[in-house]
Amino acid sequence: MQSALQARSKLPDVGTTIFTVIGQLAAEHNALNLSQGAPNFAPDEALVDGVTKAMRAGHNQYAPMAGIGALRAVLSAKVETLYGVHYDPSTEVTVIASASEGLYSTISALVHPGDEVIYFEPSFDSYAPIVRLQGAKPIAIKLSSQDFRVNWDEVSAAITPKTRMIIVNSPHNPTATIFSDADIERLKAVTRNTDIVILSDEVYEHVVFDGAKHHSMARHRELAERSVIVSSFGKSYHVTGWRVGYCLAPAALMDEIRKVHQFMVFSADTPMQYAFVEALANPQSYLGLSEFYQHKRDLLTRELRDSPFELLPSEGSFFMLARFRSFSDEKDSDFVLRLIRDAKVATIPLSAFYTDGTDGGLIRLSFSKDDDTLIEGARRLRSI
Ligand code: GLN
């Protein structure tokens, strides 16, 4: 439709997300999809039955704005057991309509025009645009190009009186690294005696490999007191389309976050919340996830052993980076297109996770797929 109106874009340089673009290309070329971090296998039937049961029991209207009480209680208990800190279910736990919503509500509630927000690149693609939409300034600090660790001296140097927030994400999408004890100590040191809020994206909290522990901000009281933790049921229960997650924060911060949440979505899907109360009653439903995904990581690694790709270690998340620079000088986005067209397998170019398009000759592989897909995907990657 023609319109004389100017859209006057707030994000003129932003296009459609890479996940959508690659997903469409994959479909067009009938390529196997190792790109999006979304499982291609079914969730537990009991969970699906739980939703159906809740719908039949009449739980089809608005949930309370902060989430149903039973779910907030069970989440508070879970976090206290795992990480040793108590969040008051009535004021410090909120059920959100996806981690994406939680990120948006948090940044929108707490970041003012002119504030600076430090985050690390490569990064999940929504952080910087959300910051910009507040009239604030995203400050990207690059992870090291070899092993994708945080250089904390650079973080110290980047902090100014305008720094309002630091966004962290461990396990990390897209690089699959996790925070170490030393990272946590440095994070404490750089934020001590400041009023910086930490926004911690912990959607892969239950996908940590080789017996390592997940450093939730909730594990460290000093950090928990200044943190907003955002997590997601989508990743932990193989239901990324259900769009339900949760947010934890000290009451004073949560109070502000709820003011945005209530006007953005009001509340999260009701029947799903009832189903998650039942699912969370069995801790194995999330405690078994690391082992489940470690098997998939190891399978994909094994299948790519004799390929020309150099695989970087995956310490957590659904992802693994693969370097192709030793056998091709192509731009990573061209290489990914060639993989889709010729090898019929879809991946994500790492440059998509940088605002300046940094290209180190790396692609991101997602192993949140059934074993047959991983085996066939690896075969196609080997064929390039
Ligand atoms: N978090 C997922 C990924 O990184 C998908 C995100 C999305 O599609 N918006 O692949």
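The values are calculated or read from the model by the stated rules, or taken from the named source; none is laboratory data. Here the structure is a predicted model, which means the values were calculated and not measured. Please note: Cβ atoms are built from the backbone with ideal geometry, for glycine as well, and neighbour counts cover all protein chains shown. Accessible surface areas use protein heavy atoms only, side chains included; no ligands, DNA or RNA. Shrake-Rupley method; radii C 1.70, N 1.55, O 1.52, S 1.80 Å.
Determine whether residue 68 is within 14 Å of the ligand (Cβ to nearest atom), open to solvent by less than 60 Å² (accessible area, probe 1.4 Å), at negative phi and among the hydrophobic types (A, V, I, L, M, F, W, C).
no
Can you spot a residue in region 43-59 that is among the basic types (Lys, Arg), in contact with an Asp or Glu (Cβ under 9 Å, 6 or more places away or on another chain) and outside any helix (DSSP H, G or I)?
No, there is no match, as no residue in region 43-59 is among the basic types (Lys, Arg), in contact with an Asp or Glu (Cβ under 9 Å, 6 or more places away or on another chain) and outside any helix (DSSP H, G or I).
How many residues, within region 53-80, are touching a residue at least 24 places away in the same chain (Cβ under 8 Å) and polar (S, T, N, Q)?
2
Show the residue pairs that are 6+ apart or on different chains and have beta-carbon atoms under 6 Å apart, the first residue being within region 85-114 and of a type in the set (D, E, K, R), the second being open to solvent by less than 10 Å² (accessible area, probe 1.4 Å).
Short answer, once both residue conditions are applied: 92/254.
Can you work out which of the residues in region 292-314 that are of a type in the set (Asp, Glu) and more than 21 Å from residue 147 (Cβ to Cβ) is modelled with the highest pLDDT?
Only one residue fits best here, namely 303.
Name, by its number, the condition in (1) buried (at least 22 other Cβ atoms within 10 Å of the Cβ); (2) at pLDDT below 95 that does not hold for residue 111.
Only one criterion in (1) buried (at least 22 other Cβ atoms within 10 Å of the Cβ); (2) at pLDDT below 95 is unmet by residue 111, namely (2).
Which residue out of 38, 31, 42, 54 is within 16 Å of the ligand (Cβ to nearest atom) and modelled with pLDDT of 95 or more?
31
Residue-wise test of (1) part of a loop (DSSP other than H, G, I, E, B); (2) open to solvent by less than 30 Å² (accessible area, probe 1.4 Å).
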| position | (1), (2) |
| --- | --- |
| 106 | no, yes |
| 123 | yes, yes |
| 139 | no, no |
| 146 | yes, no |
| 156 | no, no |
| 164 | no, no |
| 168 | no, yes |
| 179 | yes, yes |
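Enumerate the pairs (first residue in region 1-24 and farther than 21 Å from residue 38 by Cα; second residue anywhere and more than 16 Å from the ligand (Cβ to nearest atom) and part of a helix (DSSP H, G or I)) with beta-carbon separation below 7 Å, excluding pairs fewer than 6 apart on the same chain, so at least 6 apart or on different chains.
10/133; 11/132
Within region 243-274, which residues are without any contact (Cβ under 8 Å) to a residue 40 or more places away in the chain and within 16 Å of the ligand (Cβ to nearest atom)?
The answer is none; no residue qualifies.
Considering only region 245-290, state which residues are open to solvent by less than 10 Å² (accessible area, probe 1.4 Å) and among the small types (Gly, Ala, Ser).
245, 249, 268, 275
When you go through 28, 80 one by one, which is the residue that is open to solvent by 60 Å² or more (accessible area, probe 1.4 Å) and touching a His at 6+ places or on another chain (Cβ under 6 Å)?
80
Residue check: is residue 190 among the β-branched types (Val, Ile, Thr) and either farther than 30 Å from residue 113 by Cα or assigned to a helix (DSSP H, G or I) (or both)?
yes
Quick one: residue 25 ticks every box in (1) within 16 Å of the ligand (Cβ to nearest atom); (2) part of a helix (DSSP H, G or I); (3) closer than 23 Å to residue 284 by Cα except a single one, so which number is it?
It is condition (3) that residue 25 fails.
Determine which single condition residue 323 fails, assuming it passes every other condition in (1) touching a residue at least 12 places away in the same chain (Cβ under 8 Å); (2) open to solvent by 50 Å² or more (accessible area, probe 1.4 Å); (3) farther than 19 Å from residue 171 by Cβ.
Just one mismatch for residue 323, condition (2).
Filter region 221-240 for residues that are within 14 Å of the ligand (Cβ to nearest atom) and either surrounded by fewer than 24 Cβ atoms within 10 Å (Cβ to Cβ) or not in a helix (DSSP H, G or I) (or both) and give the result.
Scanning region 221-240 gives 230, 231, 232, 234, 236, 238, 239, 240.
State yes or no: is residue 297 over 23 Å from the mean Cα position of the chain (by Cα) and either part of a helix (DSSP H, G or I) or loosely packed, with under 13 Cβ neighbours inside 10 Å (or both)?
no
One line per residue, one yes/no per condition, for (1) away from the ligand (no atom under 16 Å from the Cβ); (2) charged (D, E, K, R); (3) in contact with a strand residue (DSSP E or B) (Cβ under 9 Å, 6 or more places away or on another chain):
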site: 120; (1), (2), (3): no, no, yes
site: 151; (1), (2), (3): yes, no, yes
site: 158; (1), (2), (3): yes, no, yes
site: 177; (1), (2), (3): no, no, yes
site: 181; (1), (2), (3): yes, yes, no
site: 185; (1), (2), (3): yes, yes, no
site: 192; (1), (2), (3): yes, yes, no
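Return the pairs, sorted by first residue and then second, in which the second residue is basic (Lys, Arg) and not in a strand (DSSP E or B), the first residue lies in region 341-369 and is within 11 Å of the ligand (Cβ to nearest atom), the beta carbons are less than 9 Å apart, and the residues are 6+ apart or on different chains.
Short answer, once both residue conditions are applied: 368/235; 368/296.
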